[in-house]
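The structure under discussion appears below in the form of structure tokens.
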Amino acid sequence: MPNVKFYKNEDLPLELHKVRIVQKLNLVPIERRLDALKEAGYNTFGLRTADVFLDMITDSGVNAMSDNQLAAMMRADDAYAGSQSFERMQKAVEDVLGKKYLLPVHQGRAAENVLARTFIKPGDVVPMNYHFTTTLAHITEVGGTIAELLCDDALELSSTNPFKGNIDIDKLVRFIEETGVERIPFIRMEASTNLIGGQPFSISNMLDVRRVADKYGLMVVLDASLLGENAFLVKQREKEWGENSMGDILKMMTGLADIVYFSARKLSSSRGGGICTNRHELYQKMEVMIPLFEGFLTYGGMSVREIEAIAVGLYETLDETMISQSPTFIKYLVETAEAKGIPMVTPPGVLGGHVNAMEFCSHLRQNQYPAGALAAALYLCSGVRGMERGTVSSVRDEQGNEILSDVELLRLAVPRRVFTLSQINYVIDRLEWLWDNRKLIGGLQWVYEPRVLRFFMGKLEPTSDWPHRLMEKFRKDFGDSL
Ligand code: F0G
């Protein structure tokens, strides 16, 4: 279906759904946007949606839900223990992800907390393709560290490598030999490596990871939060799998992992999360954490309505038409912006379009937070809220030195079936204006910097009055328009 051409001459993405519930958006004047930025500490997490036009901060928990999901929420079986809603989620997990034993959690990072506390001891190192912010935070909270073993070219932002999320198998073997299996609790594979631009891994890479894990007797843990879109890109890009169904591909990938966990906020267009496995002894090891941190074993901190929505949403990830929507719009966003000279992460990945802020703001140093500054500047000139994925989202080392991020990205999330094509065109248009005026973007510095996950609550300020100058230029070019 997604390979079908819908127009005679162009391969424009087409909305294969109709919109029946709508929410009004607010496009406030640029003067208000500047005030809102100041109030937010130049951190887009601090903005209120009343001041946001297109909210591209994340896809998490904001993908459009389907009529069938909403309908299922109405028949939820509210019970502290033994709810039939949970049984429906269990069945969906078994049918779609191929795992029998399920532990419910309130969201993805709660699964990471359970995994970290159950399997990681101080001094352990977890090899992975790449970290996600909350994963790293939970691993370091219990005294572990991580080793990122991506292929050498994965951090080349402009690339034609279709699978930049692959682990480098030689590096993995060398790492295991040098570290020793006693200090390796598991190998972690993240579907569609979020922080390097939503880049997928291939099934052949996952097969190699499994082979190495078996050789050394190690466990493989799969973060499946973005598995649906990873599976879609496997179908598009990995020749051997082009003719397989989404169901076959999903099961193939989960079948190679001992434990699969997910943020349902991403995977199934809902809320909540889960950890699943076919190994009963692993299930039992983790089980105790659920009543301790989440809630009883049949709700795990979620409302039963959410659980119903997850069950339906999991089956919907098998629908290629649904799953294709976000990556197809992202591809359009990335390729159209790139054609205008805007430095974008290529190939287009999942979750959102990613702008290479180091190149966009090549006049700024990395410790002036180019990705954070670009996020603030784009909001100012458009009302579009993106997310910094660079050094602001990084951490400091034990001596308090800044650990500069491998990449400086502005992420523009494209949640499933939320934005129309004209809204995407608006984003491209304002990005292009900003690109033409990029030299006006200045740096940021911390005003308040929390110790953990500082990018969420931290506050910054501009290092000069550049936001003002940018606003004046906007006024000159756009007159009174918003
Ligand atoms: N793993 C991955 C790959 C994620 O992208 C996320 C969340 C999590 C784990 C944690 O899940 O939010 O339900 O606790 N990513 C969101 C984002 C926050 O905006 O990219 P959570």
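A few points about this structure:
- Residues within the reach of a label modelled at Asp319 (point 7 angstrom out along Cα to beta-carbon, backbone nitrogen below 16 Å), restricted to segment 39-64, are 63-64.
- Length added when fully stretched, Thr49-Glu461, from 0.36 nm per residue minus Cα-Cα: 146.3 nm
- The distance linking segment 151-215 with segment 308-346 is 23 Å (Cα centroid to Cα centroid, whole angstrom).
- A full extension of the chain between Asp77 and Arg451 corresponds to an added length of 130.6 nm, given 0.36 nm per residue minus the alpha carbon distance.
- Furthest towards positive pole of dipole, Ala50, Gly123, Thr134, structure part segment 40-167, Cβ charges: Gly123
- Note on His17 and Lys38: with the Förster distance fixed at 35 Å, the Cβ-Cβ geometry gives a FRET efficiency of about 0.35.
- For the chain, DSSP calls about 65 percent of its internal beta bridges antiparallel.
- Percent antiparallel among DSSP beta bridges (both partners in segment 67-318, rounded to 5): 50
- For Thr193, the amide hydrogen comes within under 5 Å of the amide hydrogens of Gln199, Phe201, counting only partners 5 or more places away or on other chains and with H modelled in the peptide plane.
- Residue list for segment 54-76, given a label point 7 angstrom along the Cα-to-Cβ vector of Trp433 and an amide N cut-off under 17 Å: 54-55
- Here's the picture: charge each Lys and Arg Cβ at +1 and each Asp and Glu Cβ at -1 in the chain, and of Ile249, Gly349, Leu157 the one pushed furthest to the positive end of that dipole is Gly349.
- Note on Phe478 and Glu281: with the Förster distance fixed at 56 Å, the Cβ-Cβ geometry gives a FRET efficiency of about 0.35.
- Point-charge dipole on Cβ atoms (K/R +1, D/E -1) for segment 190-280, about Cα centre, debye to 20: 180
- Computed magnitude of the charge dipole of the chain (debye, nearest 20; Cβ of K, R +1, Cβ of D, E -1): 780
- log₁₀ of I(q)/I(0) at q = 0.08, 0.13, 0.16, 0.17 Å⁻¹ - segment 67-318, Debye sum with one point per alpha carbon: -0.29, -0.77, -1.15, -1.29
- Charged-residue dipole, Cβ positions (Lys, Arg, Asp, Glu), segment 67-318 about Cα centre, Debye nearest 20: 300
- Virtual spin-label span in nm between Asp95 and Leu297, 7 Å along Cα→Cβ: 2.4
- Dipole axis of the chain (+1 Lys, Arg; -1 Asp, Glu on Cβ), positive-most option in Val220, Phe419, Gln399: Phe419
- 5 angstrom amide H check on Val220, placed H, neighbours 5+ away: Ile187, Asp258, Ile259
- Once backbone amide H atoms are built at 1.01 Å from N, Ala147 has Val126, Met128 as its partners under 5 Å, excluding neighbours fewer than 5 places away on the same chain.
- Carbon/sulfur fraction of accessible area - the chain, other protein chains in place, 1.4 Å, %: 50
- The mean accessible area for residues of the chain, using a 1.4 Å probe and ignoring ligands and nucleic acids, is 40 Å² per residue.
- Label-to-label distance for Asp248 and Glu359 is 3.6 nm, based on points extended 7 Å past Cα in the beta-carbon direction.
- Taking Met252, Met302 and ordering them by how much accessible surface each has at a 1.4 Å probe, largest first, produces Met252, Met302.
The values are calculated or read from the model by the stated rules, or taken from the named source; none is laboratory data. Owing to the predicted nature of the structure, the values given are computational and were not obtained by experimental measurement. Cβ atoms come from the backbone with ideal geometry, glycine included; neighbour counts cover every protein chain shown. With ligands, DNA and RNA removed, areas are computed over all heavy atoms of the protein, side chains included. Shrake-Rupley method; radii C 1.70, N 1.55, O 1.52, S 1.80 Å.
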